[in-house]
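**Q** Following this message is one structure expressed as structure tokens.
The values are calculated or read from the model by the stated rules, or taken from the named source; none is laboratory data. Computed from a prediction, not measured in an experiment: that's the story for all the values here. Glycine also receives a Cβ, built like all others from the backbone with ideal geometry; neighbour counts cover every protein chain displayed.
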Amino acid sequence: MELAAARCLWTVLIVVAMAVFPAARGLWLDLPSSGTKCVSEELHNNVVVMADYYAFIGEDYDANNTVIPSISVKVTSPYGNDLHHQEKVSHGQFAFTTSESGNYLACFTADGDQHSGKKVTVGIDWKTGVATKDWDSIAKKEKIEVN
């Protein structure tokens with residue numbers, strides 16, 4: 001009986017946490033052929049941030065696409081500290097815990113003129129706080145069924 005109550009409590013806690021803290025954001029940015037596009041988020045101190053990004057040509061991501069664009073990525077803190085900086089990559093990820101409150105900035109630039117005038121798009125999966133937890137893994141450890 002206690003085990004069933006514990007499972008029910010964990011399930012309720014996970015559902016409530018996911019509803020109350022909807023901090024996962026997925027977005028696509030169309031990059032100009034020259035110039036940079038940035039996204040930002042106002043964050044408090046001591047918040048976990050994780051993101052994956054990938055560049056592609058056209059309207060939809062296609063893993064079989066033969067033309068893979070390269071981009072440059074720079075993530076900075078409110079005081080201008082570099083948290084992530086990569087050049088000439090097609091995909092990547094970053095993770096950090098905020099050390100100051102304020103506006104965190106992620107900037108993306110299409111590299112060179114290698115794309116023959118085609119639109120370069122960057123897909124970003126940005127997660128903060130409770131959304132960075134792997135809830136399926138936690139549920140498996142606690143032997144809770146997640147549907």
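**Q** Can you name every residue in the stretch 29-44 that is at pLDDT 85 or above and assigned to a loop (DSSP other than H, G, I, E, B)?
**A** 44 - this is the single residue of the stretch 29-44 that is at pLDDT 85 or above and assigned to a loop (DSSP other than H, G, I, E, B).
**Q** Here's something else I'd like to know. Any chance the stretch 15-28 includes a residue that's modelled with pLDDT under 65, more than 18 Å from the chain's Cα centre (by Cα) and surrounded by 13 or more Cβ atoms within 10 Å (Cβ to Cβ)?
**A** Scanning the stretch 15-28, I find at least one residue that is modelled with pLDDT under 65, more than 18 Å from the chain's Cα centre (by Cα) and surrounded by 13 or more Cβ atoms within 10 Å (Cβ to Cβ), so the answer is yes.
**Q** Residue by residue through the stretch 100-113, note down the ones that are at pLDDT below 90 and surrounded by 13 or more Cβ atoms within 10 Å (Cβ to Cβ).
**A** Scanning the stretch 100-113 gives a single hit, 111.
**Q** Please give the number of the condition residue 96 fails out of (1) surrounded by 15 or more Cβ atoms within 10 Å (Cβ to Cβ); (2) under 21 Å from residue 31 (Cα atoms).
**A** Just one mismatch for residue 96, condition (2).
**Q** Within the stretch 78-97, can one find any residue that is touching a helix residue (DSSP H, G or I) at 6+ places or on another chain (Cβ under 9 Å) and either modelled with pLDDT under 95 or not in a strand (DSSP E or B) (or both)? Explain how you work it out, then say what you get.
**A** Let us first name the residues in the stretch 78-97 that are touching a helix residue (DSSP H, G or I) at 6+ places or on another chain (Cβ under 9 Å), namely 95.
From what is left, the residues that are either modelled with pLDDT under 95 or not in a strand (DSSP E or B) (or both) are 95.
Yes: the stretch 78-97 contains one or more residues that are touching a helix residue (DSSP H, G or I) at 6+ places or on another chain (Cβ under 9 Å) and either modelled with pLDDT under 95 or not in a strand (DSSP E or B) (or both).
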